[in-house]
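Q: I have a structure here, written as structure tokens, and I will follow up with some questions on it.
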Amino acid sequence: MSLPKSYNPTEAEPRLQAFWQDQGIYHFNPRSDRPIYAVDTPPPTVSGHLHLGHVYSYSHPDFIVRFMRMNGYNIFYPMGYDDNGLPTERLVEKRLGITAQSVGRDAFIQRCLAVSEEAERDYQALWQRLGLSIDWRYTYRTIDDLSRKTSQLSFLDLYRQGRAYRQSAPAIYCPECRTTIAQAELADLERGSEFVTLAFRLPNGDALPIATTRPELLPACVAVFVHPDDARFQPLVGQQATVPLSGQRVPILADPDADPTKGTGAVMCCTFGDQADVTWWYRHHLPLIELIGRDGRLTDAAGEFAGLTTTEARQRIVAALEGRGEILGRQPVAQSIRVHERCDTPVEYIVVQQWFIRVLDEKETWLRAGDQVRWTPEHMRTRYREWVQGLNWDWCISRQRYFGVTFPVWYCADCGAIMLADEDQLPLDPTATQPRHPCACGGMRFTPETDVMDTWATSSLTPQIVARWLAEPSLYARLFPLTLRPQSHEIIRTWAFYTIVKSHYHFGAVPWRNVLISGWGIAGEGMGKISKSKGGGPMAPQSMIERYSADAVRYWTSSTGAGKDSVISEEKIQQGARLVNKLWNVARFAERFLMIEDQRPKTDDQRLKIEYASPSPIINPQSLIISHQSPVLSPADRWILARTQRLVRRVTDLFQDYDYAAAKSELEGYFWGDLADNYLEMAKHRLYAADHPLHAGAVATLHGVLLTITKLFAPLFPHITEEVYQGLFRATEGHASVHISPWPTVDEGLVDEAAERLGETLMAIATAVRRYKSERSLSVGAELARLDLAPDDAALADLLREAIPDLVSVTRARAIAVVSQLDAGLDTVEVGGLRLGIAR
């Protein structure tokens with residue numbers, strides 16, 4: 001084979017992707033005895049178009065997977081789609097302009113299925129175009145039958161363990177999405193607000209000033225709290241205060257959670273404004289006034305304000321208080337509020353019947369489990385621990401929506417008992433199926449549970465779903481626990497935590513051995529995460545790939561390390577395109593020399609055996625000899641080979657530590673600075689002169705270092721490296737693809753620190769000569785009449801004499817001599833312990 005005349009990524013990348021698929025290059029082999037590297041790939045939520053932020057995070061595990069594949073691992077790398085639950089419903093509502101109420105539950109679910117299938121085809125097309133080395137035979141959807149069966153069986157098991165329970169309790173509620181949500185689905189939003197200081201009245205008629213940002217909750221005020229050590233209010237504890245406007249009387253109570261520095265130090269407790277209200281309600285057994293309904297409007301408990309939204313009620317109630325003279329002051333304030341992360345709507349707390357999974361009583365268990373996992377970067381372990389330590393709620397898994405995994409549950413219409421489905425009925429929809437047996441009370445009438453499960457209740461089982469726990473138990477036994485969980489940092493509190501919870505409850509083990517955390521691809525400074533449900537950012541990934549190539553985009557995604565956010569940079573992608581083009585040009589340059597097969601090094605142990613030639617002050621072919629058994633290497637050859645061994649060792653260590661960004665930096669520095677800009681220039685004369693005594697050494701060295709850098713680049717830039725490998729190396733290497741060829745290993749016989757030091761000196765000379773030419777407006781290729789080298793050290797002088805052929809090539813000097821003293825009249829340049837004399 002040979003290289004094409006040109007490299008057009010728009011043509012080459014799809015062609016190579018088709019080749020990989022046709023040849024099964026990325027297929028997992030369940031019959032192989034090689035060690036398995038199994039990935040719990042994050043299933044993207046079906047909520048809109050994928051954006052460059054997804055491309056950023058999904059590239060990172062692919063870098064590691066490709067490295068592991070070349071190191072002999074049997075890779076299990078599936079893909080899934082998280083296509084059940086609220087995000088997909090909101091996508092359908094937005095895209096089709098419908099709601100479940102407008103078209104009916106069944107029709108709405110069918111629309112959700114259709115929209116999600118269309119989106120998933122687009123997702124797969126992007127992932128394939130990016131070059132992810134996925135085994136597409138192992139693809140799942142969180143709404144498919146196996147996923148629903150797995151999730152429903154998990155629920156039954158947790159219920160029987162006493163870990164899942166149902167109760168009527170305050171729950172976090174999104175009025176926009178009209179569903180309860182979990183603590184992990186909250187986000188903080190900064191906004192301007194105001195403290196309104198109200199005049200509560202004491203029994204003696206004095207005013208008790210209380211500042212609040214939510215005066216609309218006054219009709220639900222059930223107590224006033226002060227800190228027990230706050231001397232201002234100690235005499236008032238145990239008395240009652242009259243609530244302004246409504247006139248109800250409430251107790252004044254002491255609690256250490258009251259903040260004496262916030263507002264006036266006295267705070268009203270309403271059912272419910274925030275988590276503190278809920279905590280006080282439980283702790284002090286306060287009455288319940290349900291003020292906000294599921295539609296986000298005030299209930300009849302608000303009297304004349306019933307039916308208003310909270311915003312409308314706030315305005316009306318403040319106006320009424322102003323009219324009665326019960327406002328003591330108003331002050332603007334910056335406020336952080338809790339919002340639903342999906343829609344940025346401020347959440348409320350309402351009392352509803354919900355299903356929960358117990359997590360609060362096992363905090364130490366979750367902390368120990370987190371410590372059994374290797375976190376990359378390590379500081380993300382702290383983020384996980386802080387989340388566990390800050391838990392205030394059990395995990396609420398009920399959602400008042402339609403498109404999701406249903407609970408396999410009915411309620412007896414006669415006695416209210418919970419009826420569970422039989423395992424062999426799963427998966428099922430309780431609204432379409434009845435229990436097989438009567439209730440213990442004899443009742444035969446049942447009410448189905450119409451809530452669906454939180455999407456995390458299913459995606460927390462991805463290790464079981466991808467490894468096919470229920471479908472292929474023997475495969476699952478080989479894969480579990482999985483090797484790697486890649487995910488972004490904001491869902492440590494959801495996906496990582498909930499997966500650890502489920503794995504512990506069901507199997508008593510952690511679900512994976514390693515977690516690789518990615519940051520966000522962000523649109524610009526201070527702009528935060530891009531959201532596919534909110535537009536997807538400034539540049540579409542497909543257009544960037546078509547304009548610059550998938551490998552160029554991967555260059556940007558590999559430029560920032562694990563856990564770090566990265567600004568989407570078209571300039572960085574352009575740099576990647578230049579690197580791809582340069583690698584192609586180097587390969588095209590090398591092709592004319594490497595296609596002569598008998599010039600490859602052929603020794604019993606497949607190493608280059610180094611033969612040293614006699615030094616000479618001037619180029620003199622007769623003073624150099626060639627071994628009949630192996631090529632003679634010049635100092636530049638020995639330097640680049642030794643430098644390559646150091647590179648292999650360093651890059652291998654970095655990839656093993658999941659530090660793909662540092663690996664890319666090392667590779668790029670070597671490729672541009674050592675190989676392309678210096679070694680190739682030092683070797684050019686010898687490469688072109690087939691009768692040169694050092695020609696074979698240059699060819700053998702070029703073959704070795706170009707094959708090595710091609711393989712080292714392969715995890716990051718799979719397309720250009722495959723094209724180079726197929727054209728230059730496949731015939732002699734024997735592997736169908738560079739991506740299943742062996743990873744380079746260090747050849748200790750080529751490690752040579754002295755050669756590396758000399759190479760640094762040769763590069764310094766080359767750099768000094770280039771600068772000399774530039775300062776005199778000479779082209780880099782301009783010839784010099786003479787270059788004299790005057791080293792301070794005799795040993796260096798001998799080495800430089802041997803390196804004259806390399807220096808002639810890189811400096812374009814017609815004559816080079818190593819001298820003890822520079823002649824007068826030469827232009828002089830200082831390079832460390834070396835003086836150069838140059839004549840034009």
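Q: Taking Asp806 as the residue in question, decide whether it is assigned to a helix (DSSP H, G or I), in contact (Cβ under 8 Å) with a residue 40 or more places away in the chain and open to solvent by 60 Å² or more (accessible area, probe 1.4 Å).
A: Here the answer is no, as Asp806 does not meet what is asked.
Q: Taking only pairs six or more apart or across chains, which ones have beta-carbon atoms under 6 Å, a first residue in the range 669-680 that is at positive phi and modelled with pLDDT of 95 or more, and a second residue that is part of a helix (DSSP H, G or I) and open to solvent by 30 Å² or more (accessible area, probe 1.4 Å)?
A: Cβ pairs passing all conditions: none.
Q: Go through Arg214, Arg201 for me and flag whichever is more than 17 Å from Thr455 (Cα to Cα) and touching a strand residue (DSSP E or B) at 6+ places or on another chain (Cβ under 6 Å).
A: Selected residue: Arg201, the only one of Arg214, Arg201 that is more than 17 Å from Thr455 (Cα to Cα) and touching a strand residue (DSSP E or B) at 6+ places or on another chain (Cβ under 6 Å).
Q: Out of (1) at pLDDT 95 or above; (2) among the aliphatic types (A, V, I, L, M); (3) out of contact with any Gly (no Cβ under 9 Å at 6 or more places or on another chain), what's the single condition that is false for Ala662?
A: That leaves (3) as the condition not met.
Q: I'd like the full set of residues that are modelled with pLDDT of 95 or more and of a type in the set (D, E, K, R), limited to the range 391-435.
A: Those that are modelled with pLDDT of 95 or more and of a type in the set (D, E, K, R): Asp414, Asp422, Glu423, Asp424, Asp429.
Q: Also: What residue, among those in the range 77-101 that are among the hydrophobic types (A, V, I, L, M, F, W, C) and open to solvent by 10 Å² or more (accessible area, probe 1.4 Å), is farthest from Ala125 (Cα to Cα)?
A: Out of the qualifying residues, it is Ile98.
Q: Would you point out the residue of the range 222-244, among those that are out of contact with any Gly (no Cβ under 9 Å at 6 or more places or on another chain) and open to solvent by less than 40 Å² (accessible area, probe 1.4 Å), that is nearest to Tyr349 (Cα to Cα)?
A: Per the stated criteria, the residue is Val222.
Q: Inside the range 11-25, can you point out the residues that are of a type outside the set (A, V, I, L, M, F, W, C) and touching a helix residue (DSSP H, G or I) at 6+ places or on another chain (Cβ under 6 Å)?
A: If the condition is that a residue be of a type outside the set (A, V, I, L, M, F, W, C) and touching a helix residue (DSSP H, G or I) at 6+ places or on another chain (Cβ under 6 Å), then Glu13, Gln17 are the ones that fit.
Q: I need the full set of residues from the range 617-659 which are in a helix (DSSP H, G or I), open to solvent by 10 Å² or more (accessible area, probe 1.4 Å) and either among the charged types (D, E, K, R) or at pLDDT below 95 (or both), in order please.
A: Once the filter is applied, which keeps residues that are in a helix (DSSP H, G or I), open to solvent by 10 Å² or more (accessible area, probe 1.4 Å) and either among the charged types (D, E, K, R) or at pLDDT below 95 (or both), the range 617-659 yields Pro621, Gln622, Ser623, Arg638, Arg643, Arg646, Arg649, Arg650, Asp653.
Q: Looking at Arg381, Arg385, Arg368, Arg401, can you tell me which residue is buried (at least 18 other Cβ atoms within 10 Å of the Cβ) and part of a helix (DSSP H, G or I)?
A: Result: Arg381 is the single residue among Arg381, Arg385, Arg368, Arg401 that is buried (at least 18 other Cβ atoms within 10 Å of the Cβ) and part of a helix (DSSP H, G or I).
Here is a yes/no grid of residues against (1) modelled with pLDDT under 95; (2) open to solvent by less than 80 Å² (accessible area, probe 1.4 Å); (3) out of contact with any Cys (no Cβ under 9 Å at 6 or more places or on another chain); (4) not aromatic (Phe, Trp, Tyr):
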{"site": "Arg547", "(1), (2), (3), (4)": "no, no, yes, yes"}
{"site": "Arg554", "(1), (2), (3), (4)": "no, yes, yes, yes"}
{"site": "Ala562", "(1), (2), (3), (4)": "no, yes, yes, yes"}
{"site": "Ile573", "(1), (2), (3), (4)": "no, yes, yes, yes"}
{"site": "Glu597", "(1), (2), (3), (4)": "yes, no, yes, yes"}
{"site": "Asp604", "(1), (2), (3), (4)": "yes, no, yes, yes"}
{"site": "Tyr612", "(1), (2), (3), (4)": "yes, no, yes, no"}
{"site": "Pro615", "(1), (2), (3), (4)": "yes, yes, yes, yes"}
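Q: Please work out which residue is farthest from Thr458 (Cα to Cα), limiting yourself to the range 145-197 and to residues that are among the basic types (Lys, Arg) and in contact (Cβ under 8 Å) with a residue 24 or more places away in the chain.
A: Per the criteria, the residue is Arg191.
Q: OK, next. I'd like to check something: does the range 345-360 contain any residue that is open to solvent by 40 Å² or more (accessible area, probe 1.4 Å) and either aromatic (Phe, Trp, Tyr) or modelled with pLDDT of 95 or more (or both)?
A: For the range 345-360, residues open to solvent by 40 Å² or more (accessible area, probe 1.4 Å) and either aromatic (Phe, Trp, Tyr) or modelled with pLDDT of 95 or more (or both): present.
Q: Could you count how many residues in the range 233-252 are assigned to a strand (DSSP E or B) and more than 51 Å from the chain's Cα centre (by Cα)?
A: 4
Q: Would a scan of the range 147-163 turn up a residue that is open to solvent by 10 Å² or more (accessible area, probe 1.4 Å) and in a strand (DSSP E or B)?
A: Among the residues of the range 147-163, not one is open to solvent by 10 Å² or more (accessible area, probe 1.4 Å) and in a strand (DSSP E or B), which makes the answer no.
Q: Kindly check whether there is at least one residue in the range 102-120 that is surrounded by fewer than 21 Cβ atoms within 10 Å (Cβ to Cβ), among the hydroxyl-bearing types (Ser, Thr, Tyr) and over 30 Å from Gly416 (Cα atoms).
A: yes
Q: Anything in the range 753-773 that is in contact with a strand residue (DSSP E or B) (Cβ under 7 Å, 6 or more places away or on another chain), within 16 Å of Leu799 (Cα to Cα) and open to solvent by less than 10 Å² (accessible area, probe 1.4 Å)? List them, or say none.
A: Hit for the range 753-773 is Ile765, nothing else.
Q: Residues in the range 264-314 that are assigned to a loop (DSSP other than H, G, I, E, B), within 17 Å of Pro244 (Cβ to Cβ) and open to solvent by 50 Å² or more (accessible area, probe 1.4 Å): how many?
A: Number satisfying all stated conditions: 0.
Q: Considering Arg686, Arg757, which residue is among the basic types (Lys, Arg), at pLDDT 95 or above and out of contact with any helix residue (DSSP H, G or I) (no Cβ under 8 Å at 6 or more places or on another chain)?
A: Arg757
Q: Looking only at the range 480-533, filter to residues that are among the aromatic types (Phe, Trp, Tyr), modelled with pLDDT of 95 or more and not in a helix (DSSP H, G or I); which one of those is surrounded by the most Cβ atoms within 10 Å (Cβ to Cβ)?
A: Ranking the qualifying residues of the range 480-533, first place goes to Trp512.
Q: Looking only at the range 26-60, count how many residues are in contact with a helix residue (DSSP H, G or I) (Cβ under 8 Å, 6 or more places away or on another chain), farther than 30 Å from Val567 by Cα and assigned to a loop (DSSP other than H, G, I, E, B).
A: The qualifying residues number 2.
Q: Just to check your reading of the model, which residue among Ala764, Ala817, Ala824 is more than 30 Å from Phe729 (Cβ to Cβ) and part of a loop (DSSP other than H, G, I, E, B)?
A: Ala824
This table checks each residue for (1) open to solvent by less than 30 Å² (accessible area, probe 1.4 Å); (2) of a type in the set (Asp, Glu); (3) over 30 Å from Tyr498 (Cα atoms); (4) without any contact (Cβ under 8 Å) to a residue 24 or more places away in the chain.
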{"position": "Tyr7", "(1), (2), (3), (4)": "no, no, yes, no"}
{"position": "Pro14", "(1), (2), (3), (4)": "no, no, yes, no"}
{"position": "Asp22", "(1), (2), (3), (4)": "no, yes, yes, yes"}
{"position": "Ile25", "(1), (2), (3), (4)": "yes, no, yes, no"}
{"position": "Thr41", "(1), (2), (3), (4)": "yes, no, no, no"}
{"position": "Val46", "(1), (2), (3), (4)": "yes, no, no, no"}
{"position": "Gly53", "(1), (2), (3), (4)": "yes, no, no, no"}
{"position": "Tyr56", "(1), (2), (3), (4)": "yes, no, no, no"}
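Q: State yes or no: is Gly704 in a helix (DSSP H, G or I), of a type in the set (Gly, Ala, Ser) and open to solvent by 20 Å² or more (accessible area, probe 1.4 Å)?
A: For Gly704, the condition - in a helix (DSSP H, G or I), of a type in the set (Gly, Ala, Ser) and open to solvent by 20 Å² or more (accessible area, probe 1.4 Å) - is met.
Q: Name every residue in the range 774-798 that is out of contact with any strand residue (DSSP E or B) (no Cβ under 6 Å at 6 or more places or on another chain), open to solvent by 70 Å² or more (accessible area, probe 1.4 Å) and closer than 21 Å to Gln821 by Cα, in order of residue number.
A: Scanning the range 774-798 gives Asp792, Asp793, Ala794, Asp798.
Q: To continue, here is another question. I'd like to verify a number: residues in the range 187-215 that are in a strand (DSSP E or B) and open to solvent by 10 Å² or more (accessible area, probe 1.4 Å), how many?
A: Residues meeting the conditions: 15.
The values are calculated or read from the model by the stated rules, or taken from the named source; none is laboratory data. Keep in mind the model is a prediction, meaning the values are calculated, not measured. Virtual Cβ from ideal backbone geometry, glycine too; neighbours counted across all protein chains shown. The area values use the complete protein model at the heavy-atom level, side chains included, leaving out ligands, DNA and RNA. Shrake-Rupley method; radii C 1.70, N 1.55, O 1.52, S 1.80 Å.
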